[in-house]
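Report on one structure; see the data block that follows.
The values are calculated or read from the model by the stated rules, or taken from the named source; none is laboratory data. None of these values were measured; they are calculated from a predicted model. Cβ sites come from the backbone with ideal geometry, for glycine too, and all protein chains shown count toward neighbours.
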Amino acid sequence: MTIVALLGGLIPLFRRAPEDVVVADPSSELVARALDGDRRAFDELYRLHVGSAHRLLTRLVGSTADRDDLIQLVFLEAFRSLPGFRGDAAFATWLHRIVVHVAYRHLRREKRARFDEVSIELPATAASPEASARRQQELDRALRYLSALKPDKRIAFVLRVVEGMSLEEIGELVGANAPAVGQRVKHAQRELAAMAERDRRRSGEPEGEAR
């Protein structure tokens with residue numbers, strides 16, 4: 001199994017549940033009110049978007065003890081930067097740019113986030129206990145590999161593979177053009193494959209099992 005395919009197992013774990021989807025997003029009106037000095041409007045923006053911001057941040061930095069502090073920093077920066085919000089993108093997109101920037105600064109400061117300390121359990125299936133345990137170990141190993149990537153490659157890879165974003169969408173969030181994002185994703189894939197191959201050789205697994 002390739003690392004990309006293995007990390008595909010993260011996708012259903014991170015998809016937004018139906019009850020989290022906001023059908024009618026009142027963000028534009030709330031932004032206008034917040035710019036007029038209505039603090040309660042910004043509090044409502046926080047309530048509407050903190051869940052998605054928290055999920056995205058977790059995917060990018062892992063289960064770090066600083067995660068809640070980082071979320072507060074995201075919304076503090078959003079509050080301070082709100083006068084510069086031009087409305088040329090959705091408020092959620094604008095906020096997610098801030099999430100990515102905060103995550104990037106954190107990853108550079110910490111060198112690596114603690115994905116290897118994340119305990120993610122796969123959904124129950126009809127598979128045997130042995131098969132389920134093996135897949136859980138594979139997922140844990142994939143998360144450990146992900147932790148070793150440099151921040152720019154890791155962020156691009158997660159947004160592309162786990163989030164399923166286009167290169168253009170990622171470029172908008174990280175401030176790079178699509179070809180540059182594509183190169184980061186390719187480099188991340190190569191490094192992940194190399195880490196998997198090193199582990200395979202050390203463990204004596206048959207070729208193809210740890211990729």
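Across segment 144-164, which residue is farthest from VAL181 (Cα to Cα) among those that are of a type in the set (A, V, I, L, M) and assigned to a helix (DSSP H, G or I)?
Only one residue tops the list, namely LEU146.
I'm trying to understand the selection: among the residues of segment 77-97, which are buried (at least 19 other Cβ atoms within 10 Å of the Cβ) and free of Cβ contacts under 8 Å to residues at least 60 places away in the same chain?
Residues satisfying the conditions are ALA78, TRP94, LEU95.
Somewhere in segment 153-165, is a residue loosely packed, with under 13 Cβ neighbours inside 10 Å, under 15 Å from the mean Cα position of the chain (by Cα), modelled with pLDDT of 75 or more and not aliphatic (A, V, I, L, M)?
yes
Any residue in segment 31-39 that is within 28 Å of SER166 (Cβ to Cβ) and more than 13 Å from the chain's Cα centre (by Cα)?
yes
For segment 66-76, indicate whether the set of residues that are surrounded by fewer than 18 Cβ atoms within 10 Å (Cβ to Cβ), touching a Leu at 6+ places or on another chain (Cβ under 8 Å) and among the hydrophobic types (A, V, I, L, M, F, W, C) is non-empty.
The answer is no, given that none of the residues of segment 66-76 is surrounded by fewer than 18 Cβ atoms within 10 Å (Cβ to Cβ), touching a Leu at 6+ places or on another chain (Cβ under 8 Å) and among the hydrophobic types (A, V, I, L, M, F, W, C).
Being more than 18 Å from VAL99 (Cβ to Cβ), modelled with pLDDT of 90 or more and in a helix (DSSP H, G or I): is that true of GLY171 here?
The answer is no for GLY171.
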